């Protein structure tokens, strides 16, 4: 595997720590930020970026950090793909905005055509474009309610779907996403997730038992005939990279079909080659009625999409969908370049290779450090869950300490999980393999310390 950030690495692909992290320039900028930006807007690491590309992020002090975050699964094709940058510049030279709802343009249509082609299922589809993952999920629910004439929406424990009023309601975790922001939207119901590591009767029983429990609760507590949509992440993101037990998603999909409920796949974090398939639903052959996408779609430019069965999407009246910036021409140009990068660069295969490198080493690490209770994930969406040895009691303090030690040594890692005890790894799909292994060396050193 070599770094092909859209045609070859522009920056040296090396970890380089020349100051303490954060360094003096980053600390100066942090002081300015404190005076200008509210503290409610958090950052994983107060390191201010000057450059990035391939598998590294370079800060204003000259430190080069190995990137195991990808801007939270956004820069799948790298932070500085020449193809993406060139297409955006070319579009910016022509026009930056007209509003598709006022005067449309071809690139919006082309992005939708591609989404209709690559999302799961060979049925006729329609797509439209918005700005963020939360907006995509919210529109998916809106369309499902319109198409079915029903109101109830079912989601799952540990799920994360966004920060708007509705998507905050769909999200499971209170702090920091929901605390103090209520009241929440009505007609949202939460079901147990098939969480193999924490399922009471063990991972082998998890899939069928969780699906049966959800079906029973929906039928008894809500009434299946009242449910417009079941919204699910094929692998849960912020909730801790929970890969549902085998059989769970197919059973939920079957229940939806049998009861006229629309299945909405939230592929915001899992989409665009991240898991080793173009979309995570493909792993078990799930064909959703509606797919919400964002993050990896446009290489860092704000873009998201809703793709669904034509007969569902076409029901909404004219003017019922849209938004001023949705499908901005710069973002559309970036998205078309990203799709070319994924397909021509065989990035689904590269994601699988990242998993082949990382998972065995992480499992070896777990064998030496009992605090690692679980290693999980697919492709380049991988996590370890930390617990107090000999138990399944979450150890958020250790998780934060390991992350801090990684940051200090020049490895950018993210935390996640309902209990704050998960380290998640989302390297760019173009990361060179030597950086992947060096990042794992840094992680191992953090545990040894």
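Below is a table of values for the structure above.
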{"quantity": "Simple spin-label estimate for residue 99 and residue 404 in nanometres, 7 Å along Cα-Cβ", "calculated": "4.9"}
{"quantity": "Tail fraction, Cα-Cα pairs, segment 1-120, threshold 20 Å, whole percent", "calculated": "60"}
{"quantity": "Structure-based [θ]222 nm, the chain - -39500 (n - 2.57) summed over DSSP H runs of at least 4, per residue, nearest 500", "calculated": "-11500 deg cm²/dmol"}
{"quantity": "Ratio of the Cα radius of gyration of segment 84-344 to 2.2 N^0.38 Å, where N counts its residues", "calculated": "1.00"}
{"quantity": "Proxy reagent accessibility, fewest Cβ within 10 Å first, across 193, 168", "calculated": "168, 193"}
{"quantity": "Footprinting exposure proxy for 135, 31 (fewest neighbouring C-beta atoms within 10 Å first)", "calculated": "31, 135"}
{"quantity": "Which of 275, 324, 399 has the fewest Cβ neighbours within 10 Å, and the rest in rising order", "calculated": "324, 399, 275"}
{"quantity": "Cα-based convex hull volume of segment 111-253 per residue, rounded to whole Å³", "calculated": "129"}
{"quantity": "For segment 200-263 and segment 319-347, distance of Cα centres in Å", "calculated": "31"}
{"quantity": "As computed over the chain, the Cα convex hull volume per residue (Å³)", "calculated": "143"}
{"quantity": "Relative packing of 169-179, 139-149, which averages over residues the other C-beta atoms within 10 Å, highest first", "calculated": "139-149, 169-179"}
{"quantity": "Cα-based equivalent ellipsoid of segment 273-349: semi-axis lengths in Å, sorted from largest, via gyration tensor", "calculated": "24, 19, 8"}
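Values in this text are rule-based calculations from the coordinates and carry no lab data. Values in this document were obtained by computation on a predicted structure and should not be read as measured data. As a convention, Cβ positions derive from the backbone with ideal geometry for all residues, glycine included, and neighbour counts pool all protein chains shown.
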